[in-house]
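> Got a structure for you, written out below as structure tokens; questions coming shortly.
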């Protein structure tokens with residue numbers, strides 16, 4: 001299944017503040033597309049529009065082809081703040097995503113076993129979120145997303161709420177997961193290092209109203225991108241040059257609102 | 001600066017003064033029983049020595065005597081039973097209706113627009129002022145007393161519940177929507193558990209209100225009930241019985257608070 005964005009524009013308060021303007025973008029199966037841009041450029045809004053949580057003022061998000069038949073929730077989010085229910089255990093949190101589907105209790109348990117194993121969480125099955133560290137919480141959220149067999153994952157700054165060491169570990173986990181399962185994802189971030197490590201393509205958005213300034217392609221396979229490779233450094237430098245002035249201007253803009 | 005001068009003018013070393021601390025209570029379990037014993041002991045001593053007029057304030061031992069008498073004659077269960085029945089029926093009904101109404105206000109814009117002003121208008125009325133009206137409507141018997149308690153607990157519960165619903169983390173709701181979770185599942189699995197802490201603090205307040213209203217209602221036309229017992233003791237200037245009745249109310253309040261605490265630590269065990 002592919003996702004194609006056609007001329008997405010969005011403004012709040014009926015033609016007031018324009019957040020996004022004429023975004024055209026598509027994603028292939030098995031590809032990670034990173035969306036980066038200065039704060040307030042509407043990248044999270046765009047992600048909400050892609051997943052159908054918000055309606056764009058103009059344009060459409062098209063689904064090309066059908067999701068795999070076993071997919072319970074083709075477009076699945078991973079949120080920055082994990083969004084785990086504090087009153088449910090790890091198991092219960094994953095179960096929430098499955099309970100409204102007509103699969104039996106046995107099947108549900110099998111799925112939970114499977115995703116917990118895939119995210120190395122098996123021993124934390126009965127634990128409440130408050131007992132887990134931030135990195136583990138996000139891992140639970142990833143397990144929950146995997147449980148519904150998504151066709152496209154929509155990741156909204158999934159590592160931004162974590163400290164830098166945990167971020168590094170989880171990023172390695174994500175890379176490993178991609179190499180094993182070739183998942184498809186839109187990955188919103190403001191961290192350039194994350195973008196060059198994880199993205200097959202990186203779409204750079206300008207400040208409000210968000211437009212696509214440039215799309216960068218990185219050929220190196222994910223598993224061969226090391227932190228200190230000069231190629232990634234060059235890409236990161238280029239991205240920073242694109243963003244620097246935008247970020248500065250966006251900063252001033254917010255101060256003037 | 002040369003080495004020599006450093007040695008000569010070596011700055012004095014002293015530890016940095018500790019400025020933290022304070023403002024932090026620590027649990028001292030033994031203090032509370034001691035305070036109890038000391039207060040009651042002083043009171044008893046004062047009464048025995050004649051420092052406190054027994055007519056104005058009877059000795060704790062006399063109040064205890066009155067309580068034992070109450071148990072022996074079997075009147076305790078008559079009074080306490082009548083009170084508890086009113087309290088349980090009125091408070092349970094008020095709580096269930098209140099939670100239902102609170103959820104409706106929290107979930108549906110039309111209900112909120114329609115009912116919220118009504119709730120705000122009726123909430124501040126001391127419900128005991130409505131008792132005469134309830135007596136006309138529901139009779140002098142149990143009906144009017146239960147209605148007073150029900151009314152008194154309904155409004156704080158409504159306000160606590162919809163406040164709790166309003167404060168449920170929106171990101172959790174958006175998460176559930178993104179997984180295609182149905183509306184009724186979101187209400188049952190996210191909104192109600194999320195509002196639970198607020199509902200619980202509402203229950204603590206409403207049970208206190210319910211006890212106050214129960215006593216007040218029983219003081220106006222009731223044969224049995226702790227309130228009626230206290231009123232009768234007062235009109236007979238039987239201060240020992242009066243104190244016994246008040247102690248009974250205190251014990252009732254403490255036991256209920258303890259029960260709610262137990263329920264809370266079970267239902268809200270996911271917290272802290």
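> With respect to residue B:123, is the statement that it is surrounded by fewer than 17 Cβ atoms within 10 Å (Cβ to Cβ) and within 23 Å of residue B:207 (Cβ to Cβ) true?
Yes, satisfied.
> Would you check if residue B:147 is part of a helix (DSSP H, G or I), crowded, with 19+ Cβ neighbours inside 10 Å and either at pLDDT 95 or above or within 14 Å of chain A (Cβ to nearest Cβ) (or both)?
no
> Tell me, yes or no, whether segment B:167-175 has at least one residue that is away from chain A (no Cβ under 11 Å), in contact (Cβ under 8 Å) with a residue 12 or more places away in the chain and under 27 Å from the mean Cα position of the chain (by Cα).
yes
> I'm checking my understanding of the structure. Among residues of segment A:10-30 that are free of Cβ contacts under 8 Å to residues at least 60 places away in the same chain and outside any strand (DSSP E or B), which one is surrounded by the most Cβ atoms within 10 Å (Cβ to Cβ)?
A:12
> Can you tell me which residue among B:246, B:187, B:237, B:181 is assigned to a loop (DSSP other than H, G, I, E, B), at pLDDT 90 or above and farther than 19 Å from residue B:93 by Cβ?
Among B:246, B:187, B:237, B:181, only B:181 is assigned to a loop (DSSP other than H, G, I, E, B), at pLDDT 90 or above and farther than 19 Å from residue B:93 by Cβ.
To keep it simple, each residue is scored yes or no on (1) touching a residue at least 40 places away in the same chain (Cβ under 8 Å); (2) within 30 Å of residue A:50 (Cβ to Cβ); (3) touching a strand residue (DSSP E or B) at 6+ places or on another chain (Cβ under 8 Å).
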position: B:96; (1), (2), (3): no, no, no
position: B:117; (1), (2), (3): no, no, no
position: B:128; (1), (2), (3): yes, no, no
position: B:134; (1), (2), (3): no, no, no
position: B:137; (1), (2), (3): no, no, no
position: B:156; (1), (2), (3): yes, no, no
position: B:179; (1), (2), (3): no, yes, yes
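> Quick test for you: out of A:45, A:89, pick the one residue that is buried (at least 18 other Cβ atoms within 10 Å of the Cβ), within 14 Å of chain B (Cβ to nearest Cβ) and at pLDDT below 90.
A:45
> So, in segment A:48-86, of the ones that are assigned to a loop (DSSP other than H, G, I, E, B) and on the phi > 0 side of the Ramachandran plot, which residue ends up farthest from the other protein chains (Cβ to nearest Cβ)?
A:65
> Which of the helices (runs of 4 or more DSSP H) contained wholly in segment A:103-188 include at least 1 residues that are under 29 Å from residue B:269 (Cβ atoms), within 14 Å of chain B (Cβ to nearest Cβ) and within 17 Å of the chain's Cα centre (by Cα)?
It comes to A:134-147.
> Right, something else. Can you tell me which residues in segment A:193-205 are part of a loop (DSSP other than H, G, I, E, B) and either buried (at least 23 other Cβ atoms within 10 Å of the Cβ) or modelled with pLDDT under 85 (or both)?
A:199
> If a residue must be surrounded by fewer than 16 Cβ atoms within 10 Å (Cβ to Cβ) and in contact with a strand residue (DSSP E or B) (Cβ under 7 Å, 6 or more places away or on another chain), how many such residues does segment A:64-86 contain?
Matching residues across segment A:64-86 total 2.
> When you look at residue A:241, is it free of Cβ contacts under 8 Å to residues at least 60 places away in the same chain and closer than 21 Å to residue A:2 by Cα, yes or no?
Against the criterion (free of Cβ contacts under 8 Å to residues at least 60 places away in the same chain and closer than 21 Å to residue A:2 by Cα), residue A:241 does not qualify.
> Let me ask something else. Inspect all residues belonging to segment B:19-34 and state whether any of them is surrounded by 13 or more Cβ atoms within 10 Å (Cβ to Cβ) and either under 30 Å from residue B:141 (Cα atoms) or under 27 Å from the mean Cα position of the chain (by Cα) (or both).
Taking every residue of segment B:19-34 in turn, none turns out to be surrounded by 13 or more Cβ atoms within 10 Å (Cβ to Cβ) and either under 30 Å from residue B:141 (Cα atoms) or under 27 Å from the mean Cα position of the chain (by Cα) (or both).
> Moving on to the next point. Given (1) more than 14 Å from chain A (Cβ to nearest Cβ); (2) assigned to a helix (DSSP H, G or I); (3) at pLDDT 90 or above, where does residue B:128 come up short, assuming only one miss?
Failing condition for residue B:128: (3).
> What is the number of the single condition among (1) more than 26 Å from residue B:62 (Cα to Cα); (2) under 21 Å from the mean Cα position of the chain (by Cα); (3) surrounded by fewer than 19 Cβ atoms within 10 Å (Cβ to Cβ) that residue B:184 does not meet?
(2)
> Do we have any residue at all in segment B:187-209 that's within 14 Å of chain A (Cβ to nearest Cβ), surrounded by 23 or more Cβ atoms within 10 Å (Cβ to Cβ) and in contact with a strand residue (DSSP E or B) (Cβ under 9 Å, 6 or more places away or on another chain)?
no
The values are calculated or read from the model by the stated rules, or taken from the named source; none is laboratory data. Just so you know, these numbers come straight off a predicted model, no measurement behind them. Note that each Cβ is placed from the backbone with ideal geometry, even for glycine, and that neighbours are counted across all protein chains shown.
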